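Here the structure is laid out as structure tokens; the discussion comes afterwards.
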Amino acid sequence: MVGECYRTAAIKTGSRQGQDRRPSWTRLRTGWIKVNVDASVSTVDRSTGAGGALRDDHGTWLSGYARFVGRCDALLAELWAMHDGLLLAWDLGFCALVGAIICLLHRDWNVEVRHIARVSNDVTDKLAKQGRELGMESMLFVAAPVVVAGLVEIEQRDSLTPTSAQGVTKDPGGSTW
């Protein structure tokens with residue numbers, strides 16, 4: 001990583017002649033966030049600053065920062081920019097939440113993660129909408145709440161009914177068994 005910082009600092013101080021086009025922000029894989037950082041060093045008094053921006057996979061602004069670093073060289077300023085950007089991502093819960101999910105997935109059990117379209121996921125869609133109205137509260141349901149009880153019964157009944165003469169049943173996620 002330090003070697004990459006040195007290369008970055010060398011590129012930043014190099015000549016920009018011959019560059020026809022300025023590189024732009026590039027999209028990420030779905031669900032990722034990008035932490036872009038940079039540092040600035042004054043050639044007059046060696047004062048340095050750092051800044052960064054956090055954006056989602058569509059380029060939407062999530063958060064950002066700017067700070068005075070002090071008087072140092074470009075490498076140290078770039079390292080502070082990386083530190084502050086990653087710390088901001090962690091403090092906002094992006095890294096911590098992903099880490100917590102990974103820890104859960106690595107427990108002694110088998111977990112399959114798949115995307116299910118909303119139209120095939122009515123129960124959880126309604127629960128999520130109800131959660132929106134709770135503000136800072138949470139609710140744990142031992143039995144299906146009224147808002148989804150009818151849907152749960154319908155889905156349970158439909159999952160037991162074969163969809164063809166061969167007895168093949170489709171689950172809401174699209175898999176067959």
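All of the numbers you see were taken from the coordinates with simple rules; none came from a lab. In this text, all values refer to a predicted model and were calculated from it rather than measured experimentally. Note that each Cβ is placed from the backbone with ideal geometry, even for glycine, and that neighbours are counted across all protein chains shown.
In nm, to one decimal, how far is the modelled label at residue 73 from the one at residue 45, with both set 7 Å along Cα→Cβ?
2.2 nm
Per the Debye formula with a single identical scatterer at each Cα and no solvent contribution, what log10 I(q)/I(0) holds for the range 116-159 at q = 0.30 Å⁻¹?
Log10 I(q)/I(0), no solvent term: -1.17.
How would 115, 83 line up from fewest to most surrounding beta-carbon atoms within 10 angstrom?
Ranked by crowding around the Cβ, least crowded first: 115, 83.
Arrange 33, 102 by Cβ neighbour counts within 10 Å, fewest through most, would you?
102, 33
Between residue 92 and residue 143, what is the FRET efficiency for a Förster distance of 45 Å, r being their Cβ-Cβ separation, to the nearest 0.05?
Once rounded, the FRET efficiency stands at 0.80.
Given 0.36 nm per residue, what is the gain on full extension from residue 133 to residue 119 after removing their alpha carbon distance, in nm?
That works out to 2.9 nm of additional length.
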